[in-house]
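Participant: Below is a structure I'd like to ask you about.
The values are calculated or read from the model by the stated rules, or taken from the named source; none is laboratory data. Please read all numbers here as calculations on a predicted model, not as lab measurements. Here the Cβ positions follow ideal geometry from the backbone for every residue, glycine too, while neighbour counts run over all protein chains shown.
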Amino acid sequence: MEALVWKKLPLRKFPFGRRLPCDIYWHAVSFHDNVIYSGQVNKFPGMTEMTRKVNLSRAMRTMQELFPEEYNFYPRSWILPEEFAIFLTEVNLMKENNPRWKPTFIVKPDGGCQGDGIYLVKGPTEIRLMGNLQSRPAVVQEYMAKPFLIDKLKFDIRLYVLLKSLDPLEVYVAKDGLCRFCTEPYQEPSLKNLHQVYMHLTNYALNIHSGNFVHSDSGNTGSKRTFSSILGKLACSGVNIRKLWSDIISLVIKTVIAIVPELKVFYQSDIPTGKPGPSCFQILGFDILLMKNLKPILLEVNANPSMKIEHEQEVSPGVTQYIPSPVDEEVKVAVIRDTLRLVDPHKKKKKQQQQQEEEEEEEPAEQPSAELVELAAQDEESFFQEELENKPELGESPPPEAKPPAVCLKEVFPKYAKQFSYLRLVERIAALFIRFLGVKGTTKLGPTGFRMFIRNSKISNSGFSMAAGDILYIDITRRGIGPSMDQREAGMSLQAFVEAICLLAQRRYKSLSLHEQVELLLDFCEYNLAVLDEKRLACSRSLSTTQATLVTCPQDGLQLSPATPGSAAFQRTQKFVDCRSSQP
């Protein structure tokens, strides 16, 4: 993989490091693999934590509570062991309301990968018997029992997504991906087939051990195929590919919006504002299941998707050999290549210079015509269709050096920002949370910071006492909600703070949907904090001006005597000092 990518880009590689700083650092696992102070690194702080099953489910649930119709692409989930009683109660209640409901549930260990530890159950009591949840937290989800099948096999889509920046938010989606197939014909789960992993689990690491697994050099056949080949089949059968891609892009953007607030908290902890540090980007692996009606369902997000372009094959008993995989190479090399192109610092400088020149020469913009708007909308819906139309037919090879490789990663945000910006409520909550953290390098809000938030936002002036705020802080913090780099770190996490905001909003604004209540409370808090900031700034400027006047020497060179307590100058200065110190 590395050799193929580096040959195609004007970058010089230092596999053993060097004394001088590098432009790009490529970490294997996480942001903390090495200590760096400049350049760009291919990992975000906290991404590994946020893509774990438990934390991702918490983030998605928060968005489901705020925007239930927008986030119905993530299966109903419960966190174990803490929510086992809730899970048991809700399942029993749903069965009472609908006696015909015969659910199946899938249990996923929090830190598991490659299908490790995943199993299916028919009811809550089986979970209690089959795992030590106290030592290994897990997520239990309703199993999606009616997937879309190809050749009678269940499959999922591994789609590669580049998160290029948090602020401003920049997201790119690969135009092609990988489809990983099960190796046994699919049947809806029953007591007889519940444990047949090759039928129900699409994980490549599991199915490669099946005797039915088919390695293929073609992206159209085998147990691992390109997503573009599947789209071609669907298009031939009359499926609306544009709508399918639109739904997938929507799923990706909404998922990123759900995890960005926590990532911003981790980011400010590791790279505080004003201190030298690298900028970050990261390639994520989205695992997506298509249902029978072609609705995409998010299964999970991988912080470290495999970028291998070969597979192991046993050539003789006990002897394995690495065999190149053309299917992996076709998809993954393009993703890495385009990622490095996008983060190339030299290209970034040229782009900034070009934008500056364009802004200087730019004339006042005219409103676009209706025709241009319609064409732009069509382009947004169909830019992935180009990949299908431009792909050579099977067996046809384009002439070498005929043209540069097509762009693989396409921008989806901020390109579609207008359609999705209303969903970014939790980011506004995160901004308040970060403002009152106080101690640099922490991800938890202490009691003093929470009191300052209540007081400075004027929440305590509207029928909610400071004592009630203290009780709310203790009650929510005691539950230990949310991710943390250091579990010993005490205080309120962002997830807990979000819960507190929701409770305060429900208390203050009645008879509205939750997202409307939260939005009104955020408007209220942000307004009061903006007024407070303006007052502090005005006092600071006035005090600086007065102090400068007091120490200025007259032109004749005589020393100005200091202000005495009875003088008007002293009283003016004292007034400004009192004004500043009286602010909370």
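Participant: Output the number of the condition that residue 91 fails; it satisfies all remaining conditions of (1) in a loop (DSSP other than H, G, I, E, B); (2) at pLDDT 65 or above.
Facilitator: Single failed check for residue 91: (1).
Participant: For segment 313-344, what are the residues that are assigned to a strand (DSSP E or B) and within 25 Å of residue 26 (Cβ to Cβ)? Lay out the reasoning, then the answer.
Facilitator: So the first thing to find is which residues in segment 313-344 are assigned to a strand (DSSP E or B), and the list is 313-316, 319-324.
Across segment 313-344, the qualifying residues are 322, 323, 324.
Participant: Restricting segment 432-448 to residues that are touching a residue at least 24 places away in the same chain (Cβ under 8 Å) and part of a helix (DSSP H, G or I), which is farthest from the chain's Cα centre (by Cα)?
Facilitator: By that ranking, first place goes to 447.
Participant: Here's a follow-up. When the residues of segment 64-88 are narrowed to those that are part of a loop (DSSP other than H, G, I, E, B) and in contact with a strand residue (DSSP E or B) (Cβ under 7 Å, 6 or more places away or on another chain), which ends up surrounded by the most Cβ atoms within 10 Å (Cβ to Cβ)? Break it down stepwise before answering.
Facilitator: Filtering segment 64-88 for residues part of a loop (DSSP other than H, G, I, E, B) gives 67-76, 81-83.
Retained after the next criterion (residues that are in contact with a strand residue (DSSP E or B) (Cβ under 7 Å, 6 or more places away or on another chain)): 73-76.
Working: 73: 20, 74: 22, 75: 19, 76: 16.
Across segment 64-88, the extreme among qualifying residues is 74.
Participant: Related question: Any chance you could count how many residues in segment 262-293 are more than 22 Å from residue 204 (Cα to Cα) and assigned to a loop (DSSP other than H, G, I, E, B)?
Facilitator: 10
Participant: Considering (1) touching a strand residue (DSSP E or B) at 6+ places or on another chain (Cβ under 8 Å); (2) buried (at least 20 other Cβ atoms within 10 Å of the Cβ), say which one residue 292 fails and leave the rest.
Facilitator: (2) is the only condition that residue 292 fails.
Participant: Anything in segment 170-193 that is of a type in the set (Ser, Thr, Tyr) and touching a residue at least 60 places away in the same chain (Cβ under 8 Å)? List them, or say none.
Facilitator: 172
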